[in-house]
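Encoded as structure tokens, the structure appears first; notes follow it.
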Amino acid sequence: MERRSETLLITITTQTQVSSFLLVSSFHISHFLLPQTPTFSTPFSFSIIRTKQISFFFFFSLSLSLCLRPLITFMMESLPLETAEKIILRWDSTASEDARDKMIFSGDRDESDLYLQAVDEIQRSLSSVSVSEKVNSAIQIAMARLEDEFRNILISHTNPFDPTTEDEASLTLDPPSSSSSPKHPDNDENDEVSQTSLLRFNSDGAASSVTGSYRSTSSIREIDLIPCDAVYDLRCIAERMVSSGYLRECIQVYGSVRKSSVDASFRKLGIEKLSIGDVQRLQWEQLENKIRRWIRAAKVCVRTLFASEKKLCEQIFDGVGTSIDDACFMETVKGPAIQLFNFAEAISISRRSPEKLFKILDLHDALTELMPDIDVVFDSKSSESIRVQAAEILSRLGEAARGILSEFENAVLKEPSRVPVPGGTIHPLTRYVMNYISLISDYKVTLNELIVSKPSTGSRYSGDPGIPDLDLSEFEEKTPLDVHLIWIIVILQFNLDGKSKHYKDASLAHLFVMNNVHYIVQKVRGSPELREMIGDDYLKKLTGKFRQAATSYQRATWVRVLYCLRDEGLHVSGGFSSGVSRNALRERFKAFNAMFEEVHRTQAVWLIPDSQLREELRISISEKLIPAYRSFLGRFRSHIESGRHPENYIKYNVEDLEDAVLDFFEGVAVSQHLRRRSE
């Protein structure tokens, strides 16, 4: 760079070129002026404190150039016009095969600097009163050549973009979101712009291994897409093309080359060119994977790829003309940005269904997190359409989430299956709904912002007997989202109560209700977030309901069995004798045996999936059945055993019944006859 700086002191001839020279030179002397700034392996690898689009160093270099202009003007020599024309013509690719095969800026630095000086001389001559046709021809040849050189530098000096590395770095720098850390919403914090600490350091104080410069927002991570020497050459060429009226050609060349680079990066990130219609025709299973990939890719695109493209435009075009850097930036990224956001837009307007809610919330969280970065990267008037598109997609995603929740509630209420589940076990609808609302609780940070109104509920208000009743005044302290979750549980129970009526056996109907409401209670208790949202008061009501169902089951099953063990009707009196009627007692034992065997055979195949609940119900049955049978057997056994064939009537002892109760609710058929210990 020292040799190059000496050459430039001889060849630079205009105010604009002085600024360009000092823009690069200032990077080398900046650590003398700012001693706290760490040094790096390349001049562009450091943080720049930006005010809008123009860097501090550009202002510094421009001011310095004004101070040094008299000295530099004194040291420079102008080329004769005739010499300048010869230099231009020597590199005319239309007239020389040697000129076609070589690129000026790929060879000797002196040659490229001399060519730029020749262009400057031709440009100066254009301002004179008499301009020859030869000069006009020379400037056209020079601009065509500079256009080719500009394109070649852009193509040959583009650093490969590794989206995998950038993706990992982006995730490291990401602030937590509700979707990535749903269990810890307090971790969600808005990253504030830091005006002082813009670099990351290792524990030993050295700069981290992540190269490239950073904007003042911690999430944006800019990298150098083109080496600094090539950036300097591109700026020198751009200045001369713009000053000669070739702005459009310069922008077109830049945009076409850089857009191809962005497209290649998109392919590496797995971003496909899909129209909104293409996205909506995909199966949801395919879309789920694409949404996950899109979220990761969008963060890299906005925070690294687009931000770095914006930085490169500023380095090359900032100060060259009015908003040229922004025009080149939009020429490069507008199409890819629209392609990127079209995917999210297609999801936001697709057909709503319950299974889409959580991926839509993931998209909403990711886009919410990206919005501050989108506002920074696309901050100009010409890029307003990108900001507006992103904001509109975010709004539609929120509306889609609200609509899906409402449709889910309606689907739970009207789920039409009428075939009873075997054994009175947990209905698939119960599992699905409770798992669904457990996931909803994981997204409560986002949904509390989106769900702002409580559900419209209650038959007393609607007059519709097909809608359950819920008094909202009981939940005035609850958020709208909390009430929606309670409402979903209410309509689930309402639907389950309807399904229980399809059981012909009343005992099994009560067991079905008990199983399902108990499952609801356990799911609520098992999730701290869900339990907090539902509240202990309503949880107590649910607990009371499944206990009531258990009591109703026992009454429906065991009252008639225990009725056989009563004393009434067994005693006779009057005449010549009084006491126990042996025939009545025999009939009572036969009735008990038949009833118990039927209950045992039937209810062994019924199922209580929860082992603790199953054991509790067995204990409750035994506490009523075993003492009653023991007492009845103790009072009347002798009357049976003193007669003929007592084994036909007293078939079981107490231990036999205790063992038989252990067969209940296992969901497995047992032998038709109970095994008796007395055998």
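The values are calculated or read from the model by the stated rules, or taken from the named source; none is laboratory data. Worth saying up front: this structure is predicted, and the values here are computed from it rather than measured. Because the Cβ atoms are built from the backbone with ideal geometry, glycine has one as well, and the counts that use them run over all protein chains shown. For the accessible areas, the whole protein counts, side chains as well, though only heavy atoms, and no ligand, DNA or RNA atoms are used. Shrake-Rupley method; radii C 1.70, N 1.55, O 1.52, S 1.80 Å.
Think of a 1.4 Å ball rolled over the protein heavy atoms: the stretch 272-406 then has 35 Å² of accessible area per residue. Accessible surface calculations at 1.4 Å, restricted to protein heavy atoms, place the stretch 443-562 at 45 Å² per residue. Between residue 658 and residue 410, the FRET efficiency from the beta-carbon distance, with R0 = 51 Å, is close to 0.55.
Checking the Cα-Cα distances for 311/381; 356/545; 414/444; 102/310; 268/290; 334/356 against a 22 Å cut-off, the pairs over it are 356/545; 414/444; 102/310; 334/356.
Basic side chains Lys and Arg get +1 at the Cβ, acidic Asp and Glu get -1 at the Cβ, and with that the dipole of the stretch 230-388 about its Cα centre reaches some 520 debye. Bridgeable lysines around residue 134 (alpha carbons under 17 Å apart, same-chain partners fewer than 8 residues away excluded): 86. On the accessible surface of the stretch 517-556, probed at 1.4 Å, how many percent belong to carbon and sulfur atoms? Answer for the stretch 517-556: carbon and sulfur cover 46 percent of the accessible area. Accessible surface of the stretch 253-340, 1.4 Å probe: 46 percent of it comes from carbon and sulfur atoms.
Which of rounded, prolate, oblate describes the stretch 330-470, given a ≥ b ≥ c as roots of the alpha-carbon gyration tensor eigenvalues and a/c under 1.5 marking rounded, otherwise prolate only if a/b is larger than b/c? Note, shape of the stretch 330-470 comes out prolate.
Taking all protein chains together, 86, 523 sort by accessible area into 86, 523, largest first [probe 1.4 Å]. Placing a pseudo-label 7 Å from each Cα along the Cα-to-Cβ vector at residue 635 and residue 126 gives an inter-label distance of 12.1 nm. The length gained on full extension between residue 453 and residue 587, counted as 0.36 nm times the residue separation minus their Cα-Cα distance, comes to 41.8 nm.
Among the protein heavy atoms, those of residue 392 account for about 90 Å² of accessible surface (1.4 Å probe, every chain in place).
Summing Lys and Arg as +1 and Asp and Glu as -1 over all other residues whose Cβ lies under 13 Å from the Cβ of residue 630 gives a net charge of -1. Largest first, the residues 248, 145 sort by 1.4 Å accessible area into 248, 145.
Relative contact order, whole percent, for the stretch 375-492 stands at 25, derived from Cα pairs under 8 Å and 6 or more residues apart. What's the local net charge at residue 522, with K and R +1, D and E -1, over the other residues with C-beta under 12 Å away? For residues surrounding residue 522, the net value is +3.
Taking chymotrypsin sites (Phe, Trp or Tyr not before Pro) across the stretch 429-524, none is in a DSSP loop with at most 13 further Cβ atoms lying within 10 angstrom of its Cβ. A Förster distance of 22 Å, applied to the separation of the beta-carbon atoms of residue 473 and residue 532, puts the FRET efficiency at 0.60. Computed with every protein chain present, the accessible area of residue 133 is close to 140 Å² [probe 1.4 Å]. Counting protein heavy atoms only, the stretch 581-679 has 47 percent of its accessible area on carbon and sulfur, 1.4 angstrom probe.
Placing R0 at 22 angstrom, the Cβ-Cβ distance between residue 293 and residue 439 gives a FRET efficiency of 0.60 after rounding to 0.05.
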